Amino acid sequence: EAPSPTLLRSLDRPPGGLYGVVSFETEKKPQHRLDGTIATGGLSEEIVAEGHPYQAVWTGTLAAPETGTYRMGLLAEGEAELTLDGRVAVRVDPAGGETKSAEVALTAGPHPVTLTFRKARGSGALQWTWKPPSADGETIVPPSVLTPPPGAGVGPALSADVLGPRERPRIEPQGVFRR
């Protein structure tokens with residue numbers, strides 16, 4: 001059976017999620033990410049922090065599906081701060097390892113969001129959850145309501161003319177496949 005058309009994302013829309021930049025307190029270059037959700041049990045391992053302190057900052061837009069009071073939650077093993085519309089909505093102190101939540105009044109539509117996470121060492125678990133006004137329970141904020149800033153993430157397809165010719169090396173068969 002074919003999937004429902006409402007479950008498919010239009011190719012005209014950018015992928016959902018937030019744009020993140022991870023900076024290190026070493027010579028290591030910053031990492032740029034596009035994350036559909038903010039839900040990881042080991043960011044330090046994903047980014048190969050190697051025990052060094054780092055900071056990750058995600059930006060984009062949250063599209064609130066309805067007007068009302070939302071519960072926003074952060075589980076963080078480190079220091080974390082969620083801002084919506086330029087105001088701090090939820091903050092987890094540097095000791096981390098706990099879930100903090102707050103009630104936030106939002107109108108239906110787009111809201112600028114910034115999520116900052118700092119970690120000295122350790123696994124770096126981080127999870128952003130929400131409960132919209134008419135929802136029964138709390139869930140991870142889905143990529144369908146998150147949009148990265150313009151120009152972040154995947155761009156339009158490039159033609160072969162732009163990419164230029166590429167010579168492909170001839171691969172010789174090896175072992176038992178040699179004729």
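Where a number appears in this text, it was derived from the coordinates with a stated rule and is not lab data. Keep in mind that this is a model prediction, so the values were computed, not measured. Virtual Cβ from ideal backbone geometry, glycine too; neighbours counted across all protein chains shown.
What the table shows:
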{"read-out": "Kirkwood Rh, Cα atoms: Rg over Rh of the range 26-97", "value": "0.98"}
{"read-out": "Ranked by how many other beta carbons lie within 10 Å on average, peptides 29-37, 52-60, 75-83 from highest", "value": "75-83, 52-60, 29-37"}
{"read-out": "Chain lengthening between residue 87 and residue 45 when straightened (0.36 nm per residue, less Cα-Cα)", "value": "12.1 nm"}
{"read-out": "All lysines inside 28 Å of residue 29 as judged from Cα atoms, apart from same-chain residues fewer than 8 positions distant", "value": "119"}
